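Data block below; observations after.
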Amino acid sequence: MNDNRLSKEQLVARIDAIKRAGFRGVLASYDVWPDQLDTVVREAHARKLIVLGEHAFTSYPYSVRAGVDALP
């Protein structure tokens, strides 16, 4: 896990890079906190990307309400 939380701007830049690289989805993994997940889901969906989630700091019920498309 990474102790360095990404800012909203950094998250959006990474999502943009994923889209430009031709990927169809984003993995929101262990290092994503609830407030970050909201940004990831909103920005990924705006770019027609799916969001896969496997979280440590965000509960699965929160993830479902946030709009994550698939959980393990």
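The values are calculated or read from the model by the stated rules, or taken from the named source; none is laboratory data. These figures come from a predicted structure and were not determined experimentally. Cβ atoms come from the backbone with ideal geometry, glycine included; neighbour counts cover every protein chain shown. Note: areas computed on protein heavy atoms with side chains; ligands, DNA, RNA excluded. Shrake-Rupley method; radii C 1.70, N 1.55, O 1.52, S 1.80 Å.
When Val32 is tested against the conditions (1) in a helix (DSSP H, G or I); (2) among the aliphatic types (A, V, I, L, M); (3) open to solvent by 10 Å² or more (accessible area, probe 1.4 Å), the lone failure is (1).
Hey, any hits in region 4-13 for a residue that's among the charged types (D, E, K, R) and either loosely packed, with under 12 Cβ neighbours inside 10 Å or in contact with a strand residue (DSSP E or B) (Cβ under 8 Å, 6 or more places away or on another chain) (or both)? Give the steps one after another, and end with the answer.
Here is the first cut: in region 4-13, the ones among the charged types (D, E, K, R) are 5, 8-9.
From what's left, either loosely packed, with under 12 Cβ neighbours inside 10 Å or in contact with a strand residue (DSSP E or B) (Cβ under 8 Å, 6 or more places away or on another chain) (or both): 9.
Taking every residue of region 4-13 in turn, at least one turns out to be among the charged types (D, E, K, R) and either loosely packed, with under 12 Cβ neighbours inside 10 Å or in contact with a strand residue (DSSP E or B) (Cβ under 8 Å, 6 or more places away or on another chain) (or both).
Quick check on my filter: what residues within region 35-51 are open to solvent by less than 10 Å² (accessible area, probe 1.4 Å) and among the small types (Gly, Ala, Ser)? Result: Ala44, single match. When residues in region 53-72 are screened for being open to solvent by 70 Å² or more (accessible area, probe 1.4 Å), outside any loop (DSSP other than H, G, I, E, B) and of a type outside the set (Phe, Trp, Tyr), 3 of them pass.
Which residues, taken from region 15-29, are assigned to a helix (DSSP H, G or I) and either touching a helix residue (DSSP H, G or I) at 6+ places or on another chain (Cβ under 9 Å) or surrounded by 17 or more Cβ atoms within 10 Å (Cβ to Cβ) (or both)?
Step one: filter region 15-29 for residues assigned to a helix (DSSP H, G or I), giving 15-20.
The answer is Ile15, Asp16, Ile18, Lys19.
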